[in-house]
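A short worksheet on the structure shown next.
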Amino acid sequence: KAKQSGRSQHCAFEPTLDAEIRRRAELEREMRDAMARDAFVPHYQAIVDLKQGSVVGYELLARWQRPGGEEIGPELFIPIAEECGLIDELMLRLLRRACRETRDWNAAIAINVSPTQLKDPWFSQKVLAVLTRERFPPPRLTIEITENALIVDADRARQTIASLRNQGIQLALDDFGTGYSSLQHLQMLPFDRLKIDRSFVTAMERDPEALRLVHAIITLANTLGLPVVAEGIESASTARTLVGLGCAMGQGFHFGYPMSRDDVEAHAARVQPA
Ligand code: C2E
Ligand code: MG
Ligand code: MG
Ligand code: MG
């Protein structure tokens, strides 16, 4: 009896897996096509000084303009780009476009980098080549990395980080508190800021555990003299609480959604201080 149901489960599983593989292959093909048509575009989300209510910079978040199709977000297409070797081209194209689109803003721009990219010994040269060609000052660029990047190949990642730093590029540790958070990373690597993962921030109003964690991370960062950014701020009261806890900067739907260049310019970020 058990054996029989086991077999029927097996049969039910295969077509699903097959469909999944076909869908990935389909998406991969579509992505290469989209890349050639420049259908991946940067959106920008404001990072604000919580007390002043002023914009201190923008985070670039990749969007796939897929007219007619269902919306596919970066959580889905970034891993595919990583797997099929498109991530470098995607990231460098977005960077180039961002340099051009935001040239007049005179603002700091943060870009997300995939863990695998840090393994590439030429990575920092590739980034610098774009900045030089577009005449974008390296200190205005921040590279956001997650801690998972640091465990893939720690030595290699450390070298890449050092050479980015030597060029004047800034570094942020993204999604802090998830993954393999290690105090050693904070001590050994020259981060310019730390970003608290949005899962804790969105939960802190109703979950005292999350609130305590956020408090602890802010205290840790402040003790180390590391500027801290809370992501995922969805309400004024969360922003106020964060200021009370000593958090200097924040980001979230309360202050602004990720928007295209034109929309950012139209909205010209009128941000209220917390
Ligand atoms: P992330 O770097 O941690 O980016 C923050 C994510 O939180 C973004 O999702 C943003 O839209 C979302 N977010 C911002 N404020 C709020 C809020 O108040 N509430 C909620 N619920 N969400 C908020 P998005 O754009 O879907 O990106 C997801 C992840 O995909 C990013 O997480 C980043 O890891 C990755 N990603 C996005 N663009 C790129 C890229 O160009 N390259 C790489 N390698 N990864 C990217
Ligand atoms: Mg990020
Ligand atoms: Mg994050
Ligand atoms: Mg994330």
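The values are calculated or read from the model by the stated rules, or taken from the named source; none is laboratory data. Given the structure is predicted, the values throughout are model-derived calculations rather than measurements. Reconstructed Cβ throughout: ideal geometry from the backbone, glycine too, with neighbour counts over all protein chains shown. The accessibility values were calculated without ligands, DNA or RNA, using every heavy atom of the protein model including side chains. Shrake-Rupley method; radii C 1.70, N 1.55, O 1.52, S 1.80 Å.
Observations
- Residues in region 146-274 average 50 Å² of solvent-accessible surface per residue, probe 1.4 Å, ligands and nucleic acids excluded.
- For peptides 207-219, 240-252, sequence by mean Cβ density within 10 Å, most packed first: 240-252, 207-219
- Label-point separation, Arg133 to Arg37 (7 Å along Cα→Cβ), nm: 2.4 nm
- Both numbers refer to the Cα atoms of region 20-85; Rg and Dmax are 15.4, 50 Å.
- Each peptide among 145-157, 227-239, 73-85 gets the average number of other Cβ atoms lying within 10 Å of its residues, and from highest to lowest they stand as 227-239, 145-157, 73-85.
- Per the Cα gyration tensor, region 185-274 maps to an equivalent ellipsoid with semi-axes of 24, 17, 11 Å, ordered largest to smallest.
- For the pair His267 and Ser54, the difference between a 0.36 nm per residue extended length and the Cα-Cα distance amounts to 75.3 nm.
- Relative contact order of the chain: 20 percent, from C-alpha pairs under 8 Å at least 6 residues apart in sequence.
- Volume per residue of the convex hull around the Cα atoms, evaluated for the chain, comes out as 172 Å³.
- For region 138-236, the carbon plus sulfur part of the accessible surface works out to 50%, probe radius 1.4 Å.
- Peptides 114-124, 166-176, ordered by how many other C-beta atoms sit within 10 Å of their residues on average, highest first, read 166-176, 114-124.
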